[in-house]
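Colleague: Sharing a structure, written as structure tokens. Questions coming.
Just so it is clear, none of the values below were taken in a lab; they were calculated from the coordinates. Bear in mind that the values here come from a model prediction, so they are computed numbers and not experimental data. Note that we place each Cβ from the backbone using ideal geometry, even for glycine, and neighbour counts take in every protein chain shown.
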Amino acid sequence: MDTAELAVAGSDLRARVNVYRPYLESLLEKLVRTESHASQPDGVNTVGSLIAEPLEEAGFTVERIGRRPGDDPPAWLTDLMLPGLAYSSVGDVWQLRRDGADRRVLVLGDLDTAFLPGCSGTFPYRTEGDTAFGPGVADAKGGLVVLVGAIRLLQDCEAALPTITVVLSPDEQAGSLRSRPVIERAAAVNSVCLCLECAREGGNLMGSRSCCGVGRITVIGREAHAGTQRQAGVSAISGFAKLVDPLELITDASCGRFVTVTQVSGGWRRSLVPGECSFTLDLRLRDSADWEELERSLRAVVRDHAETRGLVVDIRLAQHRPSVVRTSAVEPLIATVVSAGRALGITLNVIASNAAGSSAFVGHTPMLDGIGPPGGKLMTLDEQISLTGLAERACLLALTLLSLGSSN
């Protein structure tokens, strides 16, 4: 579409989105009030059905993909990603498709949230002026509403639309261990990918995303009674404490490398020198190509620490999300989205993000993330989005799809 055509289409979309805005805000509230942590498969699948219904009305076919025999990842990794629940209980991956022009567009969204069961009692959905608050409102239920809004706006459109495939993940917050192969297969046969996570820092899109990994480190000491045999014990917690600084000093923000000690568990009785302590590492890299070097550094620190202090230390590492690096191949997609934004009066910038999401698995398919509404304070009790931004991003996605459909 040329500049004049974009301007006309953008003006029409802006005028018509206000008709749908009450419906979109009602859908947002319904989604946010539906608890959908990855450990709540019924809630996750309810969110999936709430999105699938209006898309089916618009001509999409729906496929639900459950667990496949042999797909279960290592037990230590699933326990880390989804403590206390078998990964086989995770909800379905929802894949929807609408045939159109030759250009193939993959759209990614997430059905689960980071908030644990029971969160709606302490953090209910609410609005204050133009801002909506609630568990998962930004990450990433607002993006699901943007998708529904865009499809509603395009439903009666006579212009050519691309072939659209939508993959909705039930386990993004739990490492995407179930949804990863589905996304990889879909990305391999699509031309470009748009991801519905919320826009960052006031509306920025994400042109690259970091590699994300995890580690489980277990320090083994020796138990002894803290009163009568204290000197015979070797404290695993003390050994852990002396590991924290050397591990976190591997961090180098200048090159996008971050090592963070997070969850810690040690000892089982107040009166015993603790014989075991386990802890989690959150690992982030700007480029997956640096993973082997990071792993060598981590293992060297652990090995030296264990040898010096006479401890047994077990270390397990996994890279669960590769990086998405911005290359020249994505620039035409960025130009398309930025032009659509300009026609709607929305200024768009593209940033690099140290976070990771479903878009990590698209491989070499050009990808742009942050298509969802401007949001902030993710995973906190102040998580929020702009309701005006919700409507604007529905227009942006609709106009982007129109542009992609006309560019065959």
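Colleague: Taking N as the number of residues in region 200-249, what is its Cα Rg relative to 2.2 N^0.38 Å?
Modeller: Taking the Cα Rg and dividing by 2.2 N^0.38 Å, one obtains 2.07.
Colleague: Let me ask something else about it. Between residue 30 and residue 377, how high is the FRET efficiency from 1/(1 + (r/R0)^6) when r is the Cβ-Cβ distance and R₀ = 25 Å? Nearest 0.05. Before the final figure, lay out the partial values.
Modeller: Working: r = 22 Å, r/R0 = 0.87.
Efficiency at R0 = 25 Å is approximately 0.70.
Colleague: Separation of region 245-307 and region 340-401 by C-alpha centroid, Å?
Modeller: First find each Cα centre; the distance between them is then 32 Å.
Colleague: Treat every Asp and Glu Cβ in region 70-199 as -1 and every Lys and Arg Cβ as +1, leave all other atoms uncharged, and give the resulting dipole magnitude about the Cα centre to the nearest 20 debye.
Modeller: Values: 10 positive and 17 negative charges, 45 e Å.
It comes to approximately 220 debye.
Colleague: Could you let me know the centre-to-centre spacing of region 91-111 and region 1-48, using Cα atoms, in angstrom?
Modeller: Taking the Cα centre of each part, region 91-111 and region 1-48 sit 15 Å apart.
Colleague: Of 281, 308, 271, which is farthest along the charge dipole of region 232-324 in the positive direction, counting Lys and Arg as +1 and Asp and Glu as -1 at C-beta?
Modeller: So the residue furthest toward the plus end is 271.
Colleague: Quick one, can you get me the convex hull of the C-alpha atoms of region 283-408 expressed as volume per residue in Å³?
Modeller: Details: hull volume 17.2 nm³, N = 126.
With only Cα atoms used, region 283-408 gives 137 Å³ per residue.
Colleague: At 0.36 nm per residue, and after removing the present C-alpha to C-alpha distance, how many nm does the segment from residue 314 to residue 18 gain when stretched out fully? Each step should come with its number before you reach the end.
Modeller: Working: separation 296, 0.36 × 296 = 106.56 nm, distance 5.72 nm.
Going from the current span to full extension adds 100.8 nm.
Colleague: Could you tell me the extents of the chain's C-alpha atoms along the three principal axes, largest first, rounded to whole Å?
Modeller: Largest first, the chain extends 82, 44, 44 Å along its Cα principal axes.
Colleague: What lysines sit close enough to residue 141 to cross-link, taking a C-alpha to C-alpha distance under 25 Å and skipping anything fewer than 8 places away on the same chain?
Modeller: Residue 141 reaches 30, 377.
Colleague: Per-residue counts of other Cβ atoms within 10 Å, averaged by peptide: what ranking do you get for 219-229, 360-370, 136-146, highest first?
Modeller: Details: 219-229: 16.5, 360-370: 23.4, 136-146: 30.1.
For the peptides 219-229, 360-370, 136-146, the packing ranking is 136-146, 360-370, 219-229.
Colleague: Answer rounded, prolate or oblate for region 63-152, using the Cα gyration tensor with square roots of eigenvalues a ≥ b ≥ c: rounded when a/c is under 1.5, else prolate when a/b is larger than b/c, else oblate.
Modeller: Note, shape of region 63-152 comes out oblate.
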